[in-house]
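Here's the structure we're looking at; comments come further down.
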Amino acid sequence: MNIIILILILFFLGAIITAFSGKISALVQDILFLIVLVVPAVLFFTGVDMNTESIITFSQAQLTFGMTPLSYYFSLIVMGLAVLAGFYTVGQMNGKKRKGYYYLNYILSIGAMFGILMSKDFISFFIFWEIMTWASYLIVIYNGKNVQKIGIKYFVMSAIGAYAMLMAIVLIHSITGSFLITDLISEYTGMTQGMQLLIPALLLIGFGVKAALMPLHIWAPDAYSNAPMSYTAIFSGALSKMGIYGMVIVFLSLLSKVPEGALIRDIVAWLAAITAAISTLWAIKQDDAKRLLAYSSIGQLGYIIIGVAIGTPMSIIAGLFLAFMHGVFKSALFMVVGAVEKQTGTTDLTEVTGLIRKMPWTFLAALISIIALAGIPPLGGFVGKWMLYESLILSDHFMLVILVFFSSTAAFLYCYKILFGFFLGQEEKEWAHVKEAPAIMIVPMVILSISSIVLGTYPQLILKPINAAMMSFGLPDTYGNLWKESILFNKWGNQIALAPIMYGIMLVFVIVTIFLFFRNRSRTRYVTTKDISTSGEIIKEHENLTFSRGFFQPFLRAVEPVMKRQIDKYMLSFAKGVEDLFEFTRRIYNGNGQTYAIYAMIFLIILLMFGKNLLG
Amino acid sequence: METFLEKIKDRISVNFELDRSSIDVERKRVDVQIKKEQIPSILRYLKENMNFRHLMHASVVDWLEEGKFEVLFMLWTPKEKIRVFVRTKLDRDNPVMENLDMIWPQLNTYEREFKEMYGIEFTGLVAPEEFILEDWEGPPPMRRDFDTEAYAKDVFSERIGREDAQDVRETIAKRSGEVIPDFAKKHSR
Amino acid sequence: MDYGIYQDKLTRIVTDIARSHSLWILAYGTGCGAIEVPATMTSRYDAERLGVRGAATPRQADVLMITGYLTVKTLKRVIRVYEQMQDPKYVIGFGSCAVNGGMYWDSYNTIKQLDLYLPVDVYISGCMPRPEAVLEGFAKLQEQIRAGEARGATKYKDNLDYYRGNQKKIIKNWDFPDYNW
Amino acid sequence: MEGILMSILGAIATFLLAFVVGMTYGGIRRKVIARVQNRYGPPIYQNFIDAFKLFSKTTAVHHGAMHLLGPAFLMVSAVVALMIIPVLRDNIWFTNLNFKGDLIFLIYIMTFGPLGMALGAGQTGNPNSAIGVTRGLSQMVGFEIPWVMALVALMIKYNTTSVVDLMNVQNEVGQWLIFQNPFAFVAAILASLGMFRYAPFNIVGAPTELASGPASENGGKFLFTMMSAGSVFAFVKLTLLVDVFFGGASNLIELVIKTFLLYMIPVMYGVVNPRYRTEQAVTYFWGWPLLFGFLAIIYSVYF
């Protein structure tokens, strides 16, 4: 038996067994859950290589599985996050109800993601895509809150994406006669011009839903914030990357082959840039940490899509690098929020204050991840953003640079808000009892934040697989030549000289910081946050002066004209229009048998008249 | 104008069974002396029926010699531009009154002040914390029998060099030959 | 004498000169004296040429100016502010109310001897002192600092029991947080 | 080995230079403000006295780890930015880290300090600090746009993101980028008004509103660290402007003259202006500066 099939079977059988093992004991369920996540990961990292390929034949169709360098890269994200978030999940779900349901869907979606990455034909791709959508949908409505509003939004948008994708697949099959992705790529240049634009556009709609590209993003804030945080780490970190994965294939193997592709690319890049800017503004406005991070995820996915859509080698590296980094730091941040939620029971940034001394490890993970998210050197986020700016400037996309710069500067605002809201400010009596989260939740966060640091200093760790993936699309070998592509890198010498310079900077950082820290610490006296300079007024125990409401009110007033226009509202009015249309159609189907008979007659007549041409 | 003043006078005297001569009317001002039990009803009546919507001021006078506190409410009507003074006298030894801040919410502040400065109790007054005097443990300081100099001498130590400071008023009185009555010597500082 | 690591005489002299020429004042605007401070700081009298400059919070300030009478209620805040200031710190009593109670000598709520509660380095007399007098007060304070005599903070710390006793005598409901000292 | 020693010594020399120049400029600014207000004003070396006094304060309090780290982050960011920026042309002493002044890197490293400081200010628990921080961040979003536009205009024109490369294209006075692309200079200098945070953009510190904002809990050594870091930052910003628009400086005197003249622009703008509200300070940069930024980009793309 092939190892990919083995892994997939492990996932799907394991999911079911885990779901029902809760009957035995909760501990057994937890352990089984971890086994089902860890064993495939181990199998994957040890057993799967690029040559593994397997074909399952049903009566008519063939399902082809195999790994490409690109899917290997994305599997790194999925598998790594699945295991880390799995441990975190066990900690977070401890003592909660409907664990079996949750574990089942969790493992199913991981397995489906793995299946998507391993699919070499559109049928299995689509099947796994739907399993992933369904599993994540079931988790989104796990809380049972606002299912009508949130679940329907996610479901409708996913359905739109799925239908677009299905239409594209049918089109592809009708043209090429095959479901294999490789066949599409090889025959793509021979298609008519209309098809050359239509197929990628339809596929992009399908992928754009998962990657939360602008007009299709409206499900994301609600869905991300409604799912349990341990799954949102996967949702935002890995599941959204499936959209990116599809986009990379579409852009690199289809649209880059034809001159007309430039149009779609520019449109997508612009949409992504606007997504990034607007959702950043919305993130600033949120008072709930979950929603804030959800909007932030949409913005960050925007950067990634820009990188992929621009399509110069360097921008693709930037996009893929950012995809990995986003998986790392954003899932760490969602885990942080989950930990705070578990310990305090709320994620409202205006309520929780001063947890830094209560939850130091969580704060550390949050701090590092936030620095990485803000893109401040020397952490990993900076390297990605840096390459993105470089590639945008070198390819003369100056307006995109400005938009990206705007959103990444505005991102500092919500970065500060989330750190300040939870961890800084005055220590409140209400949260005096709060303890640090259990170790099983802390360790994944810390591992993720350490990887942010490591990847900032050694980006080549993942630049290598990125390079392999890009070479498989016929792009030049950038790993050795990257430093020629980039003026920056080149300036430092011909080798991968990022590490020494980062070491230099980190050395200065560490030395000066430690010097000042300990120097000041030894000569100062600790006082609590109640002992602040307030014109001499003594702050009582129950008083809390932390500034947390209306945090960026003046800024939001300044950008108000932009934020007035909400896509949600347009969508809703569109939905209202559709509803009216259906109301009209319902009048046609009035339930009267004679009317139906007339319709059938008309249809038959039309069929007789034009049938020949139609059936051709 | 006269007629309106007269109208007020009439109505008050009829409704609250007052002698017309006890209501003092000047130009644009009506002065009513009334029992403390009638205070809520007269204030309500004036506010709701006579359009005295505005509470200008509330104040307390310490009539030490009579053994009374006089509580004074000044009302105003914006339409006729007429003031009404409603006065009542409380027993100085047992100054208790009904809480009135449901009629005008700003009376709450006045009542807190009266309570602190004169020791007048308002039954049913909800005052979250002290108004001006923080941690005050002495007698209400605005009462005339409160000897502020003695209190200050007792509590705050004097800087050396000020002991021979003369009583300004006595010195001036001695110079001009004015006779200061005994009660004034004690209570007028 | 608590000069920390600056035991060396020369450094002490240099430090004192620097301290005397950089007095950041925290004007605790009680009473009518607060209005004289702007006059002292602005164009005509320009205290900034002596290095005198306003500080926004007690943590940054060197000099606490008590500009007028102090009620008990205010004294509580002043003590708190003084204790939040960082050593070395100086106190200037400003106007006759701060000196001996002034016209509030028989008030039931005004303290008459500031130096019972806080170590005062310089008193400026007058009701109110004109800006010239204020400047002279600053000059006196500078002289004291340069001579190494303005050691109010040390005095306060060493005789904390004395000051606390006086403070507690008039501040009845002592709710200072214990994290203060 | 000699190279390392030399670069360490050079780094120290650069830091001292930046500290002294920044502090002196600060003193000059106070003097200028005083003269404009018809005062005599403090001596020019007043800032050194203040700094020394702050440093020699014998006690201080802190509110926790982030409060200790905040000023340290500010200082680190200033030092790293200084190490990366080319202070003098082709001068071996001021090469510092062997890194050719990447502009994007510089922009990000220069925001790191204020962000670290913001965290430190956040932990103090003083509401004024947090309000000041939010104002500062909002203002940063404002001025960063025209600033980046000016730089992007130059980067696109010369196809580089390195300060050194930009310096190398302006060997003569006529080639200075202020003459090559005056719009970019205007946009950058208007953005730098916000960067220096002098009036009317001093909404962060705002002593009368916010009790000096993020600094409100910092006294003594913390304030000293912040003050020195601020001075070094001022020097870094001025040097960056000189490097980008005035062809850098080949000796110290030239550097001082150029930076001083540039420094006078925000100072002079500040002394005659009151303070903006936050949204005014943000939207100010989205008016004329933004227009000049667009003009700069159009100019560098089409001309």
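Coordinate-derived values only; no laboratory data. Note that the coordinates shown come from a computational prediction; the quantities given were computed from them, not determined experimentally. Note that each Cβ is placed from the backbone with ideal geometry, even for glycine, and that neighbours are counted across all protein chains shown.
Computed from Cα positions, the angle between helix A:152-176 and the longest principal axis of chain A comes to roughly 50 degrees. For D:Q280 and A:L263, FRET efficiency with R0 = 45 Å and r from the beta-carbon atoms, rounded to 0.05? So the FRET efficiency works out to roughly 0.65.
Amide H contacts of C:Y123: C:G93, each under 5 Å away and 5 or more positions distant or on a separate chain (H built 1.01 Å from N in the peptide plane; Pro and chain starts excluded).
Starting from a Cα-only point model with no solvent, please compute log10 I(q)/I(0) by Debye for segment A:134-185 at q = 0.19, 0.21 1/Å. Results for segment A:134-185 at q = 0.19, 0.21 Å⁻¹ read -0.67, -0.72.
The alpha carbons of chain A stretch over 94, 65, 57 Å along the principal axes, in descending order.
Using the C-alpha atoms of segment A:224-295, what convex hull volume per residue, in cubic angstrom, is computed?
Roughly 72 Å³ of hull volume per residue.
Using bins of 10 Å that start at zero, the share of Cα-Cα pairs per bin across segment B:57-152 amounts to 14, 44, 31, 9, 1, in whole %. Contact order for chain A, expressed relative to its length and based on alpha carbon pairs under 8 Å spaced 6+ residues apart, stands at 12 percent. For segment B:25-31, the Karplus equation 6.51 cos²θ - 1.76 cosθ + 1.60, evaluated at θ = phi - 60°, returns couplings of 10, 10, 5, 6, 9, 10, 10 Hz by residue, with Gly and Pro reported as x.
The stretch between A:E537 and A:H433 holds 34.8 nm of extra length on full extension. This uses 0.36 nm per residue minus the Cα-Cα distance. Dipole magnitude for the protein assembly as shown: about 700 debye, using +1 per Lys or Arg Cβ and -1 per Asp or Glu Cβ, origin at the Cα centre. Roughly how tilted is helix A:289-310, in degrees to the nearest 10 and between 0 and 90, from the longest Cα axis of chain A? The angle comes out near 60 degrees. Note on segment A:23-154: semi-axes of the ellipsoid equivalent to its C-alpha gyration tensor, largest first and rounded to whole Å, are 28, 20, 13. Against chain A, whose longest principal axis comes from its Cα atoms, helix A:498-522 is set at around 40 degrees.
The alpha carbons of segment D:211-289 give a radius of gyration and a Dmax of 15.8, 42 Å, in that order.
Taking every residue in B:145-157 and counting other chain Cβ atoms within 10 Å of its Cβ, the average works out to 5. Separation of segment A:130-194 from segment C:124-153 is 81 Å, based on Cα centroids.
In order along segment A:202-209, the phi-based Karplus estimate (6.51 cos²θ - 1.76 cosθ + 1.60, θ = phi - 60°) of 3J(HN,Hα) comes to 5, 4, 5, 5, x, 6, x, 4 Hz; Gly and Pro are listed as x. When the alpha carbon gyration tensor of segment A:169-282 is reduced to an equivalent ellipsoid, its three semi-axes come out at 29, 17, 10 angstrom, largest first. Built from the Cα atoms of segment A:1-99, the convex hull projects on average onto 7.6 nm², one quarter of its surface area. Average 1/r across all pairs of distinct alpha carbons in the protein assembly as shown, invert it, and you get the Kirkwood radius: 35.7 Å.
Using only alpha carbon positions, build the gyration tensor of chain D, then give the equivalent ellipsoid semi-axes as the square roots of 5 times its eigenvalues, largest first, whole angstrom. Walk me through the numbers before you get to the answer.
Values: eigenvalues 174, 112, 72 Å².
Working through the eigenvalues yields semi-axes of 30, 24, 19 Å.
Across all Cα atoms of segment C:9-170, the radius of gyration (one decimal) and Dmax (whole number) stand at 15.0, 49 Å. For segment B:2-134, the alpha-carbon coordinates run over 49, 31, 22 Å along the three principal axes, in decreasing order.
Evaluated at q = 0.17 Å⁻¹, the base-10 log of the normalised Debye intensity for segment A:276-475, with identical point scatterers placed on the Cα atoms, takes the values -1.05. Computed on the Cα atoms alone, the convex hull of segment D:69-205 gives a volume of 109 cubic angstrom per residue.
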